[in-house]
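K.L.:
Below is one structure. I have some questions about it.
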Amino acid sequence: MRSEEPPRPVEPIDPDVGPADVRRRRKPWRSPHGTPVVIAVVAVGGSLGAPARFGASLLWPTPVGAFPWTTLTVNAVGCLVIGVLLVAVTGVFTAHPLLRPFLGTGFLGGFTTFSTYCVDIERLVDAGRASTALAYLAATVVAALAAVALGAFGTRRLLSHRSAS
């Protein structure tokens with residue numbers, strides 16, 4: 001008796017993009033530049049984003065046990081820019097295939113700092129500031145989600161006004 005082959009999983013489709021767009025769009029890992037180039041571009045972007053984040057922490061240091069406003073702000077700004085970037089490169093212009101990995105994954109991935117966010121929560125709890133840690137935990141999630149939504153919505157709205165003129 002012959003066994004049937006299991007069905008292949010269907011790739012998830014971005015709700016903002018139709019199936020025809022998905023088939024046409026080039027996947028970053030299938031870049032004509034090859035995987036090593038994509039990895040190098042992400043690394044270069046990250047090597048620029050991480051020092052930018054570190055610079056923010058030097059300009060606006062957080063005292064021990066205080067609410068980490070710098071990390072919250074950096075993460076919110078990074079998420080806002082990610083919202084703008086993804087709408088711009090997918091809906092406005094045909095971007096170079098390495099732009100999204102460089103800016104989105106590399107630079108903004110290095111700039112935003114959700115690992116520091118977790119360390120900040122741990123430090124607040126260790127300092128006996130559990131309620132501040134909980135507020136920070138919630139505020140960061142809300143701020144990040146609101147920022148990326150605002151960036152995407154605002155960019156779409158701005159672009160629709162420009163195309164209507």
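The values are calculated or read from the model by the stated rules, or taken from the named source; none is laboratory data. Treat the numbers as computed from the prediction; the structure is a model and nothing was measured. Side chains are part of the model used for accessible areas, which takes the heavy atoms of the whole protein and leaves out ligands, DNA and RNA. Shrake-Rupley method; radii C 1.70, N 1.55, O 1.52, S 1.80 Å.
K.L.:
Taking the convex hull of the Cα atoms, report for region 41-165 its projected area averaged over all directions, in nm². Let's see the in-between values first.
P.N.:
Values: hull surface 33.0 nm².
The directionally averaged projection comes out at 8.2 nm².
K.L.:
Which order do Leu145, Leu86 take when ranked by solvent-accessible area (1.4 Å probe, heavy atoms of all protein chains), largest first?
P.N.:
Working: Leu145 115, Leu86 75 Å².
Largest to smallest exposure gives the sequence Leu145, Leu86.
K.L.:
Any chance you could run the full-extension gain for Leu134 through Ala95? It's 0.36 nm times the residue separation minus the Cα-Cα distance, nm to one decimal. Write out the running numbers ahead of the final one.
P.N.:
Working: separation 39, 0.36 × 39 = 14.04 nm, distance 3.98 nm.
In short, 10.1 nm is gained.
K.L.:
Using a probe of 1.4 angstrom, how much of the accessible area of region 26-163 is carbon and sulfur, in percent?
P.N.:
72 percent
K.L.:
Continuing with this model, one more query. Using a 1.4 Å probe, what is the accessible area per residue for region 64-165, in Å²?
P.N.:
Per-residue value: 55 Å².
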